[in-house]
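Chemist: What follows is a structure written as structure tokens; I'll ask about it next.
Quick note: the coordinates plus some simple rules give every number you see, no bench work behind them. Everything numeric here is computed off the predicted structure, so don't read it as measured data. For neighbour counting, all protein chains shown are included, and Cβ atoms are generated from backbone atoms with ideal geometry for every residue, glycine included.
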């Protein structure tokens, strides 16, 4: 019995053992099968394909379509690579790729179902010993990166990370190796490892280059492939490569549809227009036509921030131009949006940068004026012609009266007024930055000093700046960032220099500015000076003005990932600007007898505070063939402004220039407060990566409007179609991108002068008698029905790319219509009030923009080109009170005509018999009466404007050249109206051309009337005589740099670059090379329609060191 029991137990043990063996065998078999499946998938998949000639990209598309493989490669590496006589039948993927890539210089590796293709020369190695390295590759938020490639530098040995971002690679024995880790959209990293290292963690950073594939809107980053709007992005390298010396200058010639006009005066704000002007009158950057600036997601209320921001602080600058962007910012984005991202620290990379630059400034080519001797002889002729015209006895230019009137002794004390006032200026820029961090915390801090000088002596600016950015990731879901900047800017003699430049253009070279005995400046009371003009050089030496500006901004951002596809973001921002200004006029410089002869001192202090808050919930969801992105945001902004001015007058020069030295002062005070609130929703849906529809709705509330219209609702809709992603386009190998876009939106504008236009506002003053009785009067009357300006914006465009992105670009057509323009309406005196803010006129802008970039050569020598051209046509649709036209001395507008125009008499030439001026009258006949001449419409609108930018690099040498060009329809050359006036400006300065082609005897058919003292019958008055058409092409900026060889670097110094930069350089071609076409009014701007002082040429030399 016992024996049977043992036998039974033994049989039971054998059965259990057999079952366990079967289980183990099954498990091992399954594991083996899975491993074999993973290892030989590329052998199991067999494909057939036949082509006479196919690009590598076509072959990849065919493999992807018929298998589960995914590919990792660079478009640049496979661009242009073709395979002829492709014929495969039931071949493995490995065999197909081996044959097609043979002899192309391309290598490939297969890891499970991922195929990596890269360019390089594999190095065959005999590996006797090897060691295994494990690692993890993550992004900046700590999320694993599947499909990242890890390659041993200089070899074909490499692996791909799995779905958890983990890799394992067997390395040959050696002291150390360098691994190259790369991932699409991330910066490649090189990691040095040694045999004692068993594992590494690699954090990848977003590549700025990948910003070519995203659009930074200031709210969230959008994929460029799905974005329907019109946008242009410039990276830090783009800005530096052009050699632009300021943020605003970098926009010239780089962005289609953006027009920048800038004075040569330091401290004078430029004019910036994006896709035309929505106002009836041109405005500067502080006016209502200025674009909105957004820095690191924070809206800047002080538009002069551009002047304080150092271009070296900028990582990217994005210009948003159509309704897709404008609607996001509502009323504040009606004139376009410029989004700036400043530089941030890099993880695992501590570095210190030093950049130092020194430069000089000169005027460049000037108008060609007469010399003192030529001036003397010309004025003798003017005197003789005048005398012979009105007196019976005739005289000659070499006769006694002419020689007595302008004797040769006048040549003993002459002055080159332009040489005395201009030139000899220098610029300096020094910056020191430190950046670094780890996977969780990154920082960037930079201090800078800039000294910028203009073409007029003693007109300069000093700027000190400090910026700091900190990003911290608390864990995988929570991150914070803090951005702050502080600038102090001191600008000197902006107004005084403007007066000086206007004054020297009226001064004769025969007039001595200095006392010939003492060498001191004459005070302008001497006989040789005009009574109402004086000596502008003396005036400039004793008059002065100064602006000191302090600006601080700070922003705190919190970001929490609630779900894998849901994110919450909140921002707090604060901005404060303090400005103090001083303006001093010496009583010895008050020459005009019709105005006060007293000196004056004015001191101004202003402070602007702004607080902003934003809370945003964003979604980014992808599933199967669908995608959904968008956000909902609530925003609030508060702003207050306080202005104080005290002005006093005095008779004698002050010993100490401050208000305490003045007995009587006149105070002024201005205060304002405003609140702004907005709610915005934006969403974008995509299907199969081909079809996208987006839309946004925004509701804004502003305290600038009355209760009847305090809130405004605006929105936009956009469509995008990626035609290249269609199946029927897969085999079009030469085509990389083909996307059609269309947007429509309606936006409002609340950016106008006063915060209290819906209130009745009173102003204080004083009763004229004895100037001692205070008074209060109405400044403007309330308008509770004041409404938002409304702009309808349409845009259609196409994005394209060919030949492996060797040629790419976009074309856009836009149409904008603005109604209910906000402007001050002056009421009749019978109303008893001065003015009221009203919604009055309507205008439109429409135009075409083309941007093309090409990679011409992509070898050791690299050459790329950017070209852009744009044309804008604007028109007045409606004027105030239904009138057809408005005309005054400085402004003209007519329904159906462009906003940039003049309405002036039409020049008919010179009477051949008398030498007198002629104009056309209303009947088409000629008349000698200027005031009965027919006025005609003259447009000043550019026919087109654009830029051509070329970038070259070879062996550490880099060259960037930015050329701008334009065809200006008309250019009001008012400078010529003074310096070529047929003698009307007798005693001033003359162009040499004024002495050419003038009338001398009956029968002369010439372009200039008979010249004589005091002029010839109003011939120099404003007319089409002084309107000229012009085309110009100018080298706007240039940057030439050399990266010193790496072998010259030591253990501390990582890299060094020396460079030369120039700005506003030479004309390649110009119909009128002596005039500044950007000024649109030559050298003298009587109507103040642009700038008067031309921009100078800048030449800079510098060095950049990285430690």
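Chemist: Report the calculated FRET efficiency for residue 52 and residue 683 (r = Cβ-Cβ distance, R0 = 56 Å), to the nearest 0.05.
Modeler: Calculated value: 0.75.
Chemist: Set the Förster radius R0 to 41 Å, insert the Cβ-Cβ distance between residue 995 and residue 922 as r into 1/(1 + (r/R0)^6), and round the FRET efficiency to 0.05.
Modeler: Once rounded, the FRET efficiency stands at 0.75.
Chemist: With just the Cα atoms defining each centre, how far is the stretch 361-397 from the stretch 632-664? Give it in Å.
Modeler: Rounded to whole Å, the Cα centres lie 47 Å apart.
Chemist: Going by C-beta contacts inside 10 Å, put 677, 300 in order with the fewest on the left.
Modeler: If I rank by nearby Cβ atoms, fewest first, I get 677, 300.
Chemist: Please give the FRET efficiency for residue 932 paired with residue 358, using the beta carbon to beta carbon distance and R0 = 41 Å, rounded to the nearest 0.05.
Modeler: 0.10
Chemist: Would you kindly state how much longer the chain becomes between residue 403 and residue 860 on full extension, computed as 0.36 nm times their sequence separation minus their alpha carbon distance, in nm to one decimal?
Modeler: Extending this stretch completely gives an extra 157.4 nm.
Chemist: If you average the alpha carbon positions of the stretch 498-565 and of the stretch 932-948, how far apart do those two centres end up, in angstrom?
Modeler: Using only Cα atoms, the two centres lie 31 Å from each other.
Chemist: Still on this structure, please answer the following. Can you give me the C-alpha center-to-center distance between the stretch 432-476 and the stretch 844-859, rounded to a whole angstrom?
Modeler: Comparing the Cα centres of the stretch 432-476 and the stretch 844-859, I get a distance of 32 Å.
Chemist: Using only alpha carbon pairs under 8 Å that are at least six residues apart, calculate the relative contact order of the stretch 40-119 and give it in whole percent. Intermediate results must be reported in sequence, preceding the final value.
Modeler: Numbers: 113 pairs, mean separation 33.8, N = 80.
Result for the stretch 40-119 is 42 percent.
Chemist: Calculate, in nm to one decimal, what residue 374 and residue 94 gain on full extension: separation in residues at 0.36 nm each, minus their alpha carbon distance.
Modeler: Fully extending the segment from residue 374 to residue 94 adds 92.3 nm.
Chemist: If each of residue 730 and residue 1057 carries a label point 7 Å out from its Cα toward its Cβ, how far apart are those two points in nm?
Modeler: So the two model labels end up 4.2 nm from each other.
Chemist: Follow-up question, since we're still on this one. With the crude spin-label approximation of a point 7 Å out along Cα→Cβ, what separation in nm comes out for residue 556 versus residue 607?
Modeler: 2.2
Chemist: On to the next question. Evaluate the relative contact order of the stretch 458-512 (contact order divided by residue number), counting alpha-carbon pairs under 8 angstrom at least 6 apart; express in whole percent. Write out the running numbers ahead of the final one.
Modeler: On the way: 55 pairs, mean separation 20.9, N = 55.
The value is 38 percent.
Chemist: Say each of residue 478 and residue 168 gets a label point 7 Å from the Cα, pointing the same way as Cα to Cβ; how far apart are those two points in nm?
Modeler: 3.6
Chemist: What's the extension gain from residue 723 to residue 1007 if we count 0.36 nm per residue and subtract their Cα-Cα distance? Spell out each step's value before the answer.
Modeler: Numbers: separation 284, 0.36 × 284 = 102.24 nm, distance 5.88 nm.
Result for the pair: 96.4 nm of gain on full extension.
Chemist: Relative contact order for the stretch 848-953: what percent, with Cα pairs under 8 Å and sequence separation of 6 or more? Intermediate values should be presented prior to the final figure.
Modeler: Values: 193 pairs, mean separation 31.2, N = 106.
Dividing the mean separation by the residue count of the stretch 848-953 yields 29 percent.
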